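Some notes on the structure that comes next.
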Amino acid sequence: MITTFLKKILRRPKAPAGSMQMRILQAGQHPLSPDTISRCALKVTQALQAGGFKAYIVGGAVRDLLLGRSPKDFDVATDATPEQVRRLIRRSRVIGRRFQIVHAMCQEEIVEVTTFRGSADRESESQVTDEHGRLTRDNVFGSMEEDAARRDFTVNALYYDPSRNELFDYFNGVRDIQARKLAMIGPPAVRYREDPVRMLRAVRFAAKLGFELDSEARQPIQELADLLLNVPESRLFDEMLKMLLSGHSVACLQQLRAEGLHHDLLPLLDWILDQPQGERFVTQALQNTDQRIMEDKSVSPGFLFACLLWHPVLDAWKRRQDAGEKPMPALFEAMTDVLETQRKKLAIPRRYDAIMKEIWGLQPRFVQRSGQRPYRLLEHPRFRAAYDFMFLRAQSGELDLAIGTWWTDFQTAAPEDRESMLVQDEQPKRTRRRRRR
């Protein structure tokens, strides 16, 4: 049905990507309806419109509905200022420094309300760029047309008015959705310089939506990739996390590597994916993560980064042992080496260090299945995460699958059955010193 609706309105001549040719699609010309909008988003638009302001469902929610998907969340764009929104929406708060927005809350749902942004060409003290062309402060409000022009991709410059059931399409975004194409609004090089994170967003959207990145949008990426070095570390990490938690993390990392953007984020990715065992392990970990997200289960960022960096740790650990270091000190030194190397690029917040190190540090204990050691490991607070990690190693062929199966059975076995499951220590027993007489 959605395809039929879209085909009705896609018989006009194709316009160049990024050129503004606004069309208003009436009911019957598009497949959207107020019933497809969340109750909270409807309440927000109705309250703003009742207050005399314009208000539209905008961006990704509209795009996803046109694709027949259920939006993860709903955003609203309006000509009301943040303070005006705050006065009209009782349960709301103003957040943000670079560009203020409002969070409107309805029970557990949060709707993000953004005031229309002004044109990037306006001269204003509120809009400041650095020497690379990156916007460092941007508090310019403007019209709906200017707001559409400020958005990054044509498929995100779509505005839906649920009260009138009208869809506003400024840059042939509906056409690009039908063509499954991701095109940039305006000159891509300029838009990437304004905000280099748009290159990462291009990768994420193309992978997540299964769209082809437009050739004009792709062309400047490798040349401008170094601009990511000027982006605050927190923003880079947030964008990387969005990729990993998108439900399409495997496709995102593949696209990231194909565009050459991983060098400034995960410099070890080439090394990991170029060895069969490392590729199997990381792919399996990301596929499991995607599956958990699809099932609406929780995912630990610390666990994910432990998976991504494990094989470099494993390699550094082996090299240190080959040089004569004892196993456990060598492992902890290897962890530190890899984390410091990674921190020179994408700085993983240190709050995740303890999680990663505990998961890695428990791995040697899984081969010890005799005496009291398995019982002590079961009681460790990080056992479950370390077990899941170990089982991934077994699935990828790095560890004997029998060990993974044994631990699966041991942790679920009745206490009285566990003792019979213990195996003789694989490690040779140390020769006890004779007591002095």
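The values are calculated or read from the model by the stated rules, or taken from the named source; none is laboratory data. In this text, all values refer to a predicted model and were calculated from it rather than measured experimentally. Methodologically, a virtual Cβ is constructed for each residue, glycine included, from the backbone with ideal geometry; neighbour enumeration extends over all protein chains shown.
If you go through the stretch 25-41 one residue at a time, do you hit one that is outside any loop (DSSP other than H, G, I, E, B), surrounded by 22 or more Cβ atoms within 10 Å (Cβ to Cβ), of a type in the set (A, V, I, L, M) and modelled with pLDDT of 95 or more? Yes: one or more hits.
Scanning the stretch 59-81 for residues that are farther than 21 Å from R180 by Cβ, modelled with pLDDT of 95 or more and within 29 Å of the chain's Cα centre (by Cα) yields F74, D75, V76, A77, T78. Within 15 Å of L266 (Cα to Cα) and either outside the structural domain of Q363 (by TED's automatic domain parsing) or in contact with a strand residue (DSSP E or B) (Cβ under 7 Å, 6 or more places away or on another chain) (or both), is that true of V313? No. Candidates G397, G404: the one that is of a type in the set (G, A, S), out of contact with any Cys (no Cβ under 9 Å at 6 or more places or on another chain) and at pLDDT 95 or above is G404.
With respect to L286, determine if the residue is in the same structural domain as L362 (by TED's automatic domain parsing) and closer than 19 Å to A386 by Cβ. Judged against the criteria, L286 is not a match.
Let's see how each residue does on (1) touching a His at 6+ places or on another chain (Cβ under 6 Å); (2) more than 27 Å from R180 (Cβ to Cβ); (3) not small (G, A, S):
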| position | (1), (2), (3) |
| --- | --- |
| L209 | no, no, yes |
| E223 | no, no, yes |
| N230 | yes, yes, yes |
| S234 | no, yes, no |
| L273 | no, no, yes |
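Mind checking which residues of the stretch 48-64 are over 21 Å from C106 (Cα atoms) and not in a loop (DSSP other than H, G, I, E, B)? Matches in the stretch 48-64: R63, D64. Here A225 clears all of (1) over 22 Å from D64 (Cβ atoms); (2) touching a residue at least 60 places away in the same chain (Cβ under 8 Å); (3) not polar (S, T, N, Q) except the condition numbered (2). Considering (1) in contact with a helix residue (DSSP H, G or I) (Cβ under 7 Å, 6 or more places away or on another chain); (2) within 16 Å of A189 (Cα to Cα), the lone condition that S249 does not fulfil carries the number (2).
Please find, within the stretch 264-300, the residue that is surrounded by the most Cβ atoms within 10 Å (Cβ to Cβ) out of those that are touching a residue at least 60 places away in the same chain (Cβ under 8 Å) and of a type outside the set (A, V, I, L, M). Going through the qualifying residues, I end up with F281. In the set (1) more than 20 Å from F303 (Cβ to Cβ); (2) at pLDDT 95 or above; (3) among the hydroxyl-bearing types (S, T, Y), the condition left unmet by S420 is number (2). Per the listing L229, L224, L213, the residue uniquely hydrophobic (A, V, I, L, M, F, W, C), over 23 Å from F281 (Cβ atoms) and exposed (fewer than 15 other Cβ atoms within 10 Å of the Cβ) is L229. If you go through the stretch 240-250 and pick out every residue that is under 16 Å from P196 (Cα atoms) and either hydroxyl-bearing (S, T, Y) or surrounded by fewer than 19 Cβ atoms within 10 Å (Cβ to Cβ) (or both), you end up with 1. The residue of the stretch 65-85 that is surrounded by the fewest Cβ atoms within 10 Å (Cβ to Cβ), among those that are part of a helix (DSSP H, G or I) and touching a residue at least 24 places away in the same chain (Cβ under 8 Å), is Q84. Taken together, the residues in the stretch 180-221 that are touching a residue at least 24 places away in the same chain (Cβ under 8 Å) and part of a helix (DSSP H, G or I) amount to 24. Just wondering, is there one or more residues in the stretch 202-209 that are surrounded by 21 or more Cβ atoms within 10 Å (Cβ to Cβ) and closer than 16 Å to T115 by Cα? So far as the stretch 202-209 goes, no, none of its residues is surrounded by 21 or more Cβ atoms within 10 Å (Cβ to Cβ) and closer than 16 Å to T115 by Cα.
Counting residues in the stretch 308-320 that are modelled with pLDDT under 95 and outside any helix (DSSP H, G or I) gives zero.
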